[in-house]
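The values are calculated or read from the model by the stated rules, or taken from the named source; none is laboratory data. All values derive from a computational prediction rather than experimental measurement. All Cβ positions, even for glycine, are placed from backbone atoms using ideal geometry, and neighbour counts span all protein chains on display.
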Amino acid sequence: MAKKVDRAFRHAALLLIYDSLVLTSIILALSLSDDVIFSFDWFMPSVITGLVAIMGMRCLFKLYNAVWRYSSTALYFRLLFADLCGGLIWAAINQYYLDIVVVFLHILSIVALNTLVTIGTRMFYQYLYDYNSKGSRLANLLRRVAKVFGRPIEIEAKNHRVNIAILGAGRVGVMLAEELVKNPSAIYQPCCFLEHSSQKIGRTINDIPILDECKVTQATLEEYGIREVVFAIPGLDPSRKQELYERYKQMGCEIKVYDYATPQSVSGGKRQLREFSIEELLFRQPKSFIESRTADYYKGKTVLISGGGGSIGSELCRQVAQMAPNKIIILDVYENGAYDIQQELKNTYGSELNLVVEICSVCDREQINKLLDHHKPQIILHAAAHKHVPLMERNCIEAVKNNVFGTLNMVEAAEEHGVEKFIMVSTDKAVNPTNVMGATKRMCEMIVQSRTAGKTAFSATRFGNVLGSNGSVIPLFKRQIANGGPITLTDKRIIRYFMTIPEASQLVLTSGAMAKSGELFVLDMGQPVKILQLAENMIRLSGFEPYKDINIVEIGLRPGEKLYEELLIKSETLSKTENSMIFIERDTPCTAGEIAEKLEILQQAIDTGRNSSVRRALQQVVPTYKNPEEINTLADQSDEMQQVYTA
């Protein structure tokens, strides 16, 4: 109750002050005019009419609801327009109802004077609030006045702030500078802008100098006491961003970004001052593949996602959920991941999303058939697989059982139950595989490509390493840095293709929507990334110096590991699609008889119970399966390695 009384008192006090300013302006303008002959009979009615008209229009435009301490240009224009309307209404009332003739120039001068006084007082208040230091007499006086206008002002000393340089003096950079200058509790103090535009260099914005970015040296940064550089240029070219990042890191500056959040972060779409993200460390432009046609394809469909609790599978669930499907069935043998994505989607969509979780292994053929018979999915997104290369090298039997025969179970069940489309998630490790995991995924691709005779349309989608997925190199490096190092690399020459989890999932959905039958879709992923450079950047991003604070050591290639990955088998057979970033690898599919023969060889090897037998069987049924030493010996001659190391 006390707060309501206090708030009512403040509002009343504000209105009284505003009324006084308007009244004073009107009386002054009328009294000081030589053309006006003073008469109490018309003077007071005219004054009261002017007061009511102007104050009424300000109320109509809700100017008294605004917090003028944070006023913008738009708010000041609203004030000007409201006062102009109020002045015109006042003139009309004077002439047509009160029969008082007031010269238009008087009306204009009254409105102008009144608006000037109003804007002046607000800007003066705003200036004092923003720029006065704690402890000054003016600030103390301001606090007392502020008790009438609103909350008491707390102005803190600025000597604790971190000096920063803002890279980019455009709209975003200026927005950041204003926000920091006006926020007394901000820990950052903008000291200069770094710009390349000759039209801005040498000028100032809010008393902050604009320096020539090309001429900035370490001495320049030391002169301004710069400790951090904030990137405030959205859409900066990735190669340019990498160049600037490395330049200012070498000068000893911390790097931050003022921009919209990345797909993995949660900020409600608002700008934020943040660290460089993992995606930005790759200095590549994230791609978006989802178009209205793709979303329309999945709308109203029943979609089953195998491996739905995994990194890719859970993101597929998120993406499909946005497309208003009829039902999503999450199929996974591991309950924890399935439970997590189930709760996330429930919290996001509530009862609007028809969501079912089924705990089942793709190796359980009988149960898979029961589930498909019950749910009758129209689309299957097959992401269930064992994917960890070193683990599968030691567990060949399980790799073939789960990846190959699990996929076979899903494929045959899809055909039997009339599924409209079956889209399999594949990997670049399936191209000329040198390990068991890659060989099993290549075998899965061959199974899918061979199914062209039935009503179900089959396709496979192949992409590179996924950032932040379970078992990927990024989480490993993070843990090693947190533990004080060292970061372990199997080989400092190693390179990999990377993409984000949303990119990978959108690629699967887009290619699936355009699939007709038997296609092997491949993404143009740009240049491969040096893992050594990625490790060095992650160390710097964590505030350490590579090889000084955190060491990087080679531990040797793991069994089955290649120095580089390939995305295509035969580039000369590559075909374009309607999406400029998606291509189709058209190699000759195996016949149903050939696939049956290969599967029989694998089954016989599994029956022996020996990993060595299964490995030999894989080498027999996957012609492109090669010894890793054979590939790594000639790695320097590969297009992928030359693309990275000769660039």
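A few remarks follow.
- One residue from Ser511, Ser575 being within 29 Å of Val303 (Cβ to Cβ) and part of a strand (DSSP E or B): Ser575
- Only one entry of Ala414, Ala385 meets the criterion of being in a helix (DSSP H, G or I) and either of a type outside the set (Asp, Glu) or without any contact (Cβ under 8 Å) to a residue 24 or more places away in the chain (or both), and that entry is Ala414.
- Candidates Leu489, Leu541: the one that is buried (at least 17 other Cβ atoms within 10 Å of the Cβ), modelled with pLDDT under 85 and not assigned by TED's automatic domain parsing to the domain that holds Lys455 is Leu541.
- Filter result for Thr500 (farther than 30 Å from Asn369 by Cα, β-branched (Val, Ile, Thr) and more than 29 Å from the chain's Cα centre (by Cα)): no
Yes/no matrix, rows are residues, columns are (1) of a type outside the set (Gly, Ala, Ser); (2) without any contact (Cβ under 8 Å) to a residue 12 or more places away in the chain:
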residue	(1), (2)
Lys548	yes, yes
Asn551	yes, no
Phe583	yes, no
Leu599	yes, no
Ala605	no, no
Thr608	yes, yes
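- If you go through the range 514-543 and keep only what is closer than 22 Å to Gly252 by Cβ, charged (D, E, K, R) and either touching a Lys or Arg at 6+ places or on another chain (Cβ under 6 Å) or assigned to a loop (DSSP other than H, G, I, E, B) (or both), you end up with just Arg540.
- Those residues of the range 535-546 which are touching a helix residue (DSSP H, G or I) at 6+ places or on another chain (Cβ under 6 Å) and in contact (Cβ under 8 Å) with a residue 60 or more places away in the chain, in sequence order: Asn537, Met538, Arg540, Ser542
- Residues that are within 30 Å of Asp491 (Cα to Cα) and at pLDDT 80 or above, drawn from the range 556-584: Gly556, Leu557, Arg558, Pro559, Gly560, Glu561, Lys562, Leu563
- Under the condition of being modelled with pLDDT under 85, in a loop (DSSP other than H, G, I, E, B) and on the phi < 0 side of the Ramachandran plot, the residues counted in the range 234-252 number 3.
- Selected residue (only one of Ile380, Ile368 is part of a helix (DSSP H, G or I) and under 21 Å from Val448 (Cα atoms)): Ile368
- Filtered residue count, the range 289-315, keeping only those that are within 17 Å of Gln343 (Cβ to Cβ), part of a helix (DSSP H, G or I) and hydrophobic (A, V, I, L, M, F, W, C): 0
- Residues satisfying the stated conditions in the range 208-217, i.e. under 17 Å from Lys249 (Cα atoms) and either in contact with a Cys (Cβ under 6 Å, 6 or more places away or on another chain) or surrounded by 14 or more Cβ atoms within 10 Å (Cβ to Cβ) (or both): Glu213, Val216
- A search for C-beta distances below 6 Å between a residue of the range 447-462 that is over 21 Å from Ile582 (Cα atoms) and any residue that is acidic (Asp, Glu), counting only pairs 6+ apart in sequence or on different chains, returns Gly454/Glu415; Thr456/Glu415.
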